[in-house]
Structures are given as structure tokens and as C-alpha cells.
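Notes for the one structure printed next.
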Amino acid sequence: MKSPMERFTERIFLVVALSSLSVLALITVFIFVEGVPIIAKVGFFRFVFGTVWAPSQNLYGIFPMIVGSVAVTLGAAVIGVPIALCCSIFLAEFAPAAVRNVVRPAIQLLAGIPSVVYGFWGLLFVVPFIRVYLGGPGLSILAGSIILGIMMLPTVISISEVSLLSLPRQYKEGAFALGLTHWQTIRTVLLPAAKSGIVAAIILGIGRAIGETMAVIMVLGNAVAIPESILDPARTLTTNIGIEMGYASGDHQQALFATGIVLLAIIMLLNASAQLATRRK
């Protein structure tokens, strides 16, 4: 029989647990209330697949921003995920304790650096390097991908390392007993066994990348046009909101809220697809 104090404590924890869901629900409802009217006014396909964004002419097409967001996020994943996985494998399986005690706090420190510092560093070093050695204006999808790839490293490395370290020791011992080398054990036993945690780490890292604003504003160029190469400037959904929300009003402001709806839908679709793929495997 639970005491009144225990029942009261359970209710308190239940309220705290539901508060996060209620905040998410309130944000979602607010965004939809503000953004759905302009989508209905302009038309869903004209809004999502339109290629012209000119609020002064009542033209609201966000397809160039969708392409920019996808391109930059995929570029960040291509750059960041392999480096993060290799680093997590090194820390979990190969690194001596002395090295691990230095590298792990350094990686965690990367997560605490403000995004504007990443953007400033990219503006001073990455953008000029691309301009001089690869061509183009420097402010480009490649610059944004490099910065976001670095920014997603702490999330993917930390969660992937924990996933590898949490595996039962019997997995490795059994593989060694069957004659597998250390690398064969990692490749054929440990990584498949930890795939759910690694996929979750990649999803969180991609979520960090696709939702980043300030650093991307500084290095991406913010051109409202469909990019033709990774050296072209572009604009993402988040930077579109961040740049124009300060002075937008009326239909323009509602269009920015509608942009947030599309961004939310993309993130939800990404998470659902990753969970479905994990369950099938």
C-alpha cells in the first residue's frame, strides 16, 4: 500500500514528465495557427514547390530553401558522421586511458562552444580557403557543410561511444574465442549490435545540423536560389526565418511561420524514416 506522500510524489513526477509534451504541443499548435492560413491562401504546392521568394510581390516559394537545407545537412552528414564514428570506435576500443581522459573532455567542450564562434571561425578560415583553392565566392554549401559537420561531432561521438561501451562483454569475448581479430570483432559484432544507438546518435546530429541558424547565416551566402553545385551560396529554412522574422509582418510573417511548419514536418519525417529502417533491420 502506497503512502499519501508516495502517491503525491508520483503525481508531481507525472506532471513534470507531461510538461515537456505540453510545451511541444503548445509550440506546434502556435506554429500551425500562424502558418496554415498563408499555406491555404497561396496553395500548398505553390508554397512548397515554388521557386520565387519575393514577399514584396506576395510570392512565397520555399523550394530553394528546402533544397539548401537538404544539401547542407547531407553535406554535414557526409563530412561529420564518418569522422564521428571513427572517433567513437577509437575512444571505446583502442584509446589508452590517458588519451581517453584528454580527448573525451575536449570533444565535450566542442558542444559548449557558441554557434556564432563556429560561424566566425568559418568566415575567417573556411570561406577564404574555399574561395582561393576551389573557386566561387567562398560563401557556399561546402562551407556550411564543413561547419555543421564539426558542430555535430560531439553529439554523434558521445552517444555512439556510450552505445559501444554498453554492449555486454561476452560479445567481444565470444568473437575472440571464434578466432576473429579485433577489427573483425568491431566490424561484424559490435557495430551491428550497437546500431540502434548509433542510428539515434546520427539522427540527433542531423537534427542539430538542420536546425542550426547563426553559424549557417554567416558562411552560407543566403542566396534565394536553387544551388547548382556545392560551391554555390544557398539559404536554408532556418536562416530564412532568422534573417526575415525581425521585420516581417502580415502575410510575410505568416509565411515564415509556415516555413517552420515545413521544417518541423521534415524533422518528423526524418525521425520516422530512421526508426522504420532500424526496426526493419
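Summary of computed values
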read-out	value
Contour minus Cα-Cα distance for V23 and A54 (0.36 nm per residue)	7.9 nm
Size of electric dipole in the range 70-250: Cβ of Lys, Arg +1 and of Asp, Glu -1, about Cα centre, debye, nearest 20	400 debye
Under-5 Å amide H pairs with L59, H placed in peptide plane, nonlocal only	A54
Charge dipole (the chain, unit charges on Cβ, about Cα centre) - positive-most of F47, L123, I150	I150
Cα long-axis angle, helix 153-165 against the chain (0 to 90 degrees, to the nearest 10)	30 degrees
Farthest positive-ward along the chain dipole, Cα basis, beta-carbon charges - from V162, L237, V29	V162
Stokes-Einstein translational diffusion, the range 70-250 - Kirkwood Rh over all Cα pairs, 0.890 mPa s, 25 °C, in µm²/s	138 µm²/s
Helix 63-89 axis, angle to the chain major axis (alpha carbon atoms, nearest 10°)	20 degrees
Principal-axis tilt of helix 4-42 within the chain, Cα atoms, nearest 10 degrees	40 degrees
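No lab work stands behind these numbers, since they all come straight from the coordinates. Everything numeric here is computed off the predicted structure, so don't read it as measured data. Note that each Cβ is placed from the backbone with ideal geometry, even for glycine, and that neighbours are counted across all protein chains shown.
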